[in-house]
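Trainee: Mind having a look at this structure? Questions to follow.
The numbers here are math on the coordinates, done by the rules we state, and not lab data. Every value quoted in this text rests on a predicted model; they were computed, and no experiment measured them. Cβ: placed from backbone, ideal geometry, glycine included. Neighbour counts: every protein chain shown.
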Amino acid sequence: MGSMKRLLEIDQIKKNFGGLTALLGVDLLVSEGQIKSIIGPNGAGKTTLFNVITGFHRPSEGRILFRGKNITGLPPEKIAFSGIGRTFQLVKPFLNMTPLENVMVGALNRTSSVREAYKKAMNVIKFLGLEKKVKIPAHALTIEDRKHLELARSLATSPSLLLLDEVMAGLNPAEVNVMIELIRKIRDDGVTILLIEHVMHAVLTLSDEVVVVNYGEKIYEGGPQSVVKDPRVIEVYLGEEYSFL
């Protein structure tokens, strides 16, 4: 991994909300071609970190570099245009629009041509296997299909880095395995992945590296096989079932 290019560098990011400190000096490095996971208890600051990276929150301190350029505090649309896409924990498609129309909205981030947006949206929909659902209104989709649609919408913005916020939440084990394969396919297509996830099977299967945060601090970073053996990670997050691995 040492020879890989640095894509995203997070340097001593702090975020305060009034008297509450949500992030306490977080450092993170994501290299091109990686799948890197962030895990930790609810309220640890994981989604706040995503919001800071993507411009929804301005950090109180620290800086964020993307491809070597300082993007700290830029508005979300400029960060998206620079090549960072994301999904959201709560999937919110435009319910009365079709999947095709939803994905075209993402594609229009990159082009003002409706024809080009249509072409890009159809390519993404086929890539993710959603072509049989293109004309169904989004409100009629299953949870699994809505998750795939959220992926498609973010991919249509042509990101080189994709931030996935709990895309497996609410899925059954078979659906989780489908999502794992989709994420691998996206990475193999040239998109680097930064993943917040609670489904440990997915984290351990997908990740090149795992970062653990707790109370706004990074407490561990390493390979997926060593993270489940770390006593502090077991204590604050994984629980007793991992203590004998």
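Trainee: Going by how many other Cβ atoms sit within 10 Å of their own, how do Asp145, Asp208 line up, fewest first?
Mentor: By the 10 Å Cβ count, ascending: Asp208, Asp145.
Trainee: Treat every Asp and Glu Cβ in segment 151-241 as -1 and every Lys and Arg Cβ as +1, leave all other atoms uncharged, and give the resulting dipole magnitude about the Cα centre to the nearest 20 debye.
Mentor: Once rounded to the nearest 20, the dipole reads 240 debye.
Trainee: Contact order normalised by length for the chain, with contacts defined as Cα pairs under 8 Å and 6 or more residues apart; what percent is it?
Mentor: 25 percent
Trainee: Val105 versus Asp27, label points 7 Å from Cα toward the beta carbon: distance in nm?
Mentor: 4.0 nm
Trainee: I'd like the distance between the alpha-carbon centres of segment 1-59 and segment 103-155, rounded to an integer number of Å.
Mentor: Using only Cα atoms, the two centres lie 28 Å from each other.
Trainee: Run the numbers for Gln12 and Gln89: contour at 0.36 nm per residue of separation, minus the present Cα-Cα distance, in nm.
Mentor: The span from Gln12 to Gln89 would gain 25.3 nm if fully extended.
Trainee: Then there is this: Output the pairs from Lys69/Lys126; Lys5/Lys229; Lys46/Lys147; Lys119/Lys185; Lys15/Lys229; Lys69/Lys92 with a Cα-Cα distance over 22 Å in this structure; if there are none, say none.
Mentor: Lys69/Lys126; Lys5/Lys229; Lys15/Lys229; Lys69/Lys92
Trainee: Further question on the same structure: Put a dot 7 Å past each Cα toward the Cβ at His139 and Leu65; how far apart are the dots in nm?
Mentor: Here the answer is 4.8 nm between the modelled labels.
Trainee: Also, I was wondering about something else. So for Leu161, Leu151, fewest C-beta neighbours within 10 Å to most, what's the order?
Mentor: Leu161, Leu151
Trainee: If you average the sequence gap of Cα pairs under 8 Å that are 6 or more apart and divide by the length of segment 84-158, what percent do you get for the contact order?
Mentor: 50 percent
Trainee: Could you tell me the extents of the chain's C-alpha atoms along the three principal axes, largest first, rounded to whole Å?
Mentor: Taking the Cα atoms of the chain, the three principal extents are 51, 40, 39 Å.
Trainee: Within a 10 angstrom radius of the beta carbon, how do Phe66, Phe56, Phe88, Phe17 rank from fewest other beta carbons to most?
Mentor: With the fewest neighbours first, Phe66, Phe56, Phe88, Phe17 line up as Phe17, Phe56, Phe88, Phe66.
Trainee: Let me ask something else about it. What FRET efficiency comes out for Phe81 versus Arg232 if R0 is 35 angstrom and r is the Cβ-Cβ distance? Round to the nearest 0.05.
Mentor: For R0 = 35 Å, the calculated efficiency reads 0.35.
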